[in-house]
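As structure tokens, the structure follows; a few thoughts come after it.
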Amino acid sequence: MPHVAPSSSMTSISLKEQLVPLRRVPQELESRGGKRPHVSAVHRWRQNGLKGVRLEAIQVGGAWHTSIEALDRWFKAVTEVGGQR
């Protein structure tokens, strides 16, 4: 099996963190005005990012996961970027 060197885009999620499948992230977030983000938005946060900040995620089996801690880091980073504009 070939060795794949880690890139700067790889995750810093630890398996000691509380993992959540991306499909469950909307249920983990408090609703805002009765609405929660759609699961496709969560996948866009992982793939494309928001305001230049990508959501950390790892693939476990065939499913993408993030962590509660990574969500916290991501929301803080997006908020900081938004405050700089």
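The values are calculated or read from the model by the stated rules, or taken from the named source; none is laboratory data. Not measured: the values here are computed from a predicted model. FYI the Cβ positions are ideal-geometry reconstructions off the backbone, even for glycines, and counts take in every protein chain you see.
Contact map, segment 29-54: residues that are over 18 Å from GLU69 (Cβ atoms) paired with residues that are surrounded by 10 or more Cβ atoms within 10 Å (Cβ to Cβ) and polar (S, T, N, Q), Cβ distance under 8 Å, separation 6+ or inter-chain. Pairs shown: ARG36/GLN27.
Using the structure shown, decide if ARG36 is surrounded by 11 or more Cβ atoms within 10 Å (Cβ to Cβ), charged (D, E, K, R) and either under 13 Å from the mean Cα position of the chain (by Cα) or at pLDDT 95 or above (or both). Answer is no for this residue.
If you check ARG54, ARG44, ARG23 for being of a type outside the set (Val, Ile, Thr) and either at pLDDT below 95 or touching a Leu at 6+ places or on another chain (Cβ under 9 Å) (or both), only one passes: ARG44. When each of LEU71, LEU50, LEU55 is tested for being surrounded by fewer than 18 Cβ atoms within 10 Å (Cβ to Cβ) and under 22 Å from SER12 (Cβ atoms), the lone residue that passes is LEU50.
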